[in-house]
1. Picking from Tyr58, Tyr47, Tyr65, Tyr108, which residue would you name as being over 37 Å from the mean Cα position of the chain (by Cα) and either aromatic (Phe, Trp, Tyr) or at positive phi (or both)?
2. Could you list, in sequence order, the residues of the stretch 101-132 that are closer than 20 Å to Ser49 by Cβ, open to solvent by 50 Å² or more (accessible area, probe 1.4 Å) and not in a strand (DSSP E or B)?
3. Any residue at all in the stretch 86-100 that's touching a residue at least 24 places away in the same chain (Cβ under 8 Å), acidic (Asp, Glu), open to solvent by 40 Å² or more (accessible area, probe 1.4 Å) and under 30 Å from Leu45 (Cβ atoms)?
4. Please work out which residue is farthest from Gly117 (Cα to Cα), limiting yourself to the stretch 28-72 and to residues that are among the hydrophobic types (A, V, I, L, M, F, W, C) and open to solvent by 70 Å² or more (accessible area, probe 1.4 Å).
5. What pairs come out if I take residues in the stretch 33-51 that are within 13 Å of Ile136 (Cβ to Cβ) and pair them with residues that are open to solvent by 70 Å² or more (accessible area, probe 1.4 Å) and at pLDDT below 90 whose C-beta lies under 6 Å away, six or more apart or interchain?
Amino acid sequence: MASPAGTAGAPTPAGAPPPPSNPLAAAVAATPDLTALQWSDKTWLSYLSLNATTALDYFSLSPFYDSTCNNELVKMQRLDPAAILPTMTGVEYAVEPVPPDREPARIYIVHKVFRSGPGAGDVTPLATFYIDGGGIYQAPAVAGVLGCVLRSSLDAVMRAWSSVHAAAAVECSAPGGFVWRPPPGGASAAATAASGGGGGGASAATTAAAAATAAADGDGREGANPAERRVVDGLLVGLVEGNHRMAMAAGEVGEVPSPEGAEGGGDGGGDPMVV
């Protein structure tokens, strides 16, 4: 007779992972991630009623169910699960209680746990499933949900940063100032390109409009209207003022230029704004 796997009579094959050191580790390893799977049985639902009593019977038909669990052993021996399961050790399933006034409920929650003793503290969660309108799903782990949210948020931040970086650039200049540089051409170039480019497709009216836009944006920031320029300049000047206050406290620099000087007016032509 062959010896059980992992004993001296049946050594572990080369390259195979070592067997789990305890039953709990084996149960964790035998619980796959099936969050991408959805299962339902329309035939069963058309003949039987889904409620808190029959939810586990319905769940046992799905691929999420481990047929080696204690629930299956108790059912085959036709024993009372409420009396026998707490005395056993191993994998078991339990349906979360539903108040009688909410039956039949739309959602039933099924917990897969590992029981190591009869006490309430001797239960280790392995996975959680839910039955929603007859469809069975595995609930994702909290770490997976947070990771997905963080990746989505980071992607949105990177797209926003790319848009801002393409619209204008801020270059630091000593001592502690900055240069606000718009993209080459700004809104005037974009308007000309949208109307047919710099070739023969651009009409005289479009060219005149572009020239008027460039004249109105004579401070070198073609891509923003006056209100937008005031907001952005105020934010940048506030940042520089904070840096200068710290430098003044250390006695390294003089006074900070005022925001009015940062606005510059329309006499600057196409020069960048320097603070």
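The values are calculated or read from the model by the stated rules, or taken from the named source; none is laboratory data. These figures come from a predicted structure and were not determined experimentally. Note: ideal-geometry Cβ built from the backbone for every residue, glycine included; neighbour counts use all protein chains shown. When the accessible area is computed, the model is the full protein with side chains, heavy atoms only, and any ligands, DNA or RNA have been set aside. Shrake-Rupley method; radii C 1.70, N 1.55, O 1.52, S 1.80 Å.
1. Tyr47
2. Asp101, Arg102, Glu103, Pro104, Arg106
3. No: the stretch 86-100 contains no residue that is touching a residue at least 24 places away in the same chain (Cβ under 8 Å), acidic (Asp, Glu), open to solvent by 40 Å² or more (accessible area, probe 1.4 Å) and under 30 Å from Leu45 (Cβ atoms).
4. This residue is Leu48.
5. Within 6 Å, the pairs are Thr35/Pro140.
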